[in-house]
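Values in this text are rule-based calculations from the coordinates and carry no lab data. These numbers come from a predicted model, not from an experiment. For neighbour counting, all protein chains shown are included, and Cβ atoms are generated from backbone atoms with ideal geometry for every residue, glycine included.
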Ligand SMILES: NC(=O)c1ccc[n+]([C@@H]2O[C@H](COP(=O)([O-])OP(=O)(O)OC[C@H]3O[C@@H](n4cnc5c(N)ncnc54)[C@H](O)[C@@H]3O)[C@@H](O)[C@H]2O)c1
């Protein structure tokens with residue numbers, strides 16, 4: 001019997017599940033999450049909706065765990081899709097964890113999947129509008145974030161504790177790094193006939209965003225969506241709309257790119273009512 005194509009979903013959260021539902025029909029969906037109960041819950045919803053999902057415990061911050069997930073996935077069939085939607089937010093974790101999961105883990109995952117993704121394969125990783133609000137880095141810093149081998153990334157000077165103000169700054173650096181890694185990886189994925197992009201959502205109502213609403217920056221985030229051009233937060237299904245374009249035939253010419261979907265919050269932050277007072 002012909003093996004089915006495999007989609008890897010890391011992060012059994014709302015955004016990941018929405019993209020899996022949009023793109024995962026007919027595939028084996030390997031659902032990896034650090035919290036096994038999250039992986040199981042999402043796999044159950046998917047399986048009860050006609051998908052073929054298999055939950056697995058995995059930790060994005062651990063190379064061994066990533067490799068074991070990929071090994072199990074490969075036993076199932078050719079890997080044609082990656083959706084990386086695992087992550088922790090500034091109110092959920094300390095600086096060190098944010099860097100280890102969101103920055104280092106994503107770099108390892110993109111590198112390792114890039115070695116085995118099938119020709120014609122496609123991936124998305126979820127970055128964040130938060131990275132777009134951070135000031136530009138120097139071209140040298142950008143290149144270091146893009147190209148430093150994953151095992152050396154966390155030793156970069158800009159990622160040392162004395163150079164990171166708080167968990168939000170760590171998150172922004174991690175998400176900026178995601179965008180740069182995607183650019184560098186797109187070159188390697190392209191050599192295999194595969195594509196990789198990132199999506200930078202603004203405020204999307206999910207458990208992660210709800211933790212932010214209830215955290216120390218709650219008022220900041222509530223003000224952000226109230227005063228962005230869209231005047232509301234977004235939904236995971238709207239992020240899946242972008243993923244559908246990037247991962248489908250119509251996205252064939254899109255790779256190494258980052259797509260901002262934030263209801264205009266970044267625009268307002270730079271040139272509108274959300275602009276911070278100096
Ligand atoms: N929701 C938003 O407003 C928003 C905005 C911008 C970016 N994002 C990004 O979107 C991605 C998905 O978040 P979401 O909003 O769907 O949140 P979510 O809370 O619904 O899902 C996140 C999932 O990641 C899992 N996870 C956390 N650490 C992990 C690890 N080390 N290994 C494996 N899994 C781990 C969590 O257990 C959770 O199931 C994250 O990278 C987040 O930074 C979210």
Starting from segment 127-138, take each residue that is in contact (Cβ under 8 Å) with a residue 40 or more places away in the chain and list its partners that are buried (at least 21 other Cβ atoms within 10 Å of the Cβ) and assigned to a loop (DSSP other than H, G, I, E, B), counting only C-beta distances under 6 angstrom and pairs at least six apart or across chains.
-> 129/202; 129/262
Kindly indicate which of 54, 60, 9 is surrounded by fewer than 20 Cβ atoms within 10 Å (Cβ to Cβ), in contact with a helix residue (DSSP H, G or I) (Cβ under 7 Å, 6 or more places away or on another chain) and touching a residue at least 12 places away in the same chain (Cβ under 8 Å).
-> 54
Would a scan of segment 191-214 turn up a residue that is buried (at least 16 other Cβ atoms within 10 Å of the Cβ) and without any contact (Cβ under 8 Å) to a residue 60 or more places away in the chain?
-> yes
What tally of residues in segment 100-136 results from selecting those that are crowded, with 24+ Cβ neighbours inside 10 Å, part of a helix (DSSP H, G or I) and away from the ligand (no atom under 14 Å from the Cβ)?
-> 1
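Consider segment 206-251. How many of its residues are more than 30 Å from residue 80 (Cβ to Cβ), within 15 Å of the ligand (Cβ to nearest atom) and assigned to a loop (DSSP other than H, G, I, E, B)?
At the first step, the residues of segment 206-251 found to be more than 30 Å from residue 80 (Cβ to Cβ) are 210-233.
If we keep only those that are within 15 Å of the ligand (Cβ to nearest atom) as well, we get 210-215, 217-218, 220-226, 228, 230, 232-233.
Filter again for assigned to a loop (DSSP other than H, G, I, E, B), leaving 214-215, 217, 228, 230, 232-233.
Residues in segment 206-251 being more than 30 Å from residue 80 (Cβ to Cβ), within 15 Å of the ligand (Cβ to nearest atom) and assigned to a loop (DSSP other than H, G, I, E, B): 7 in total.
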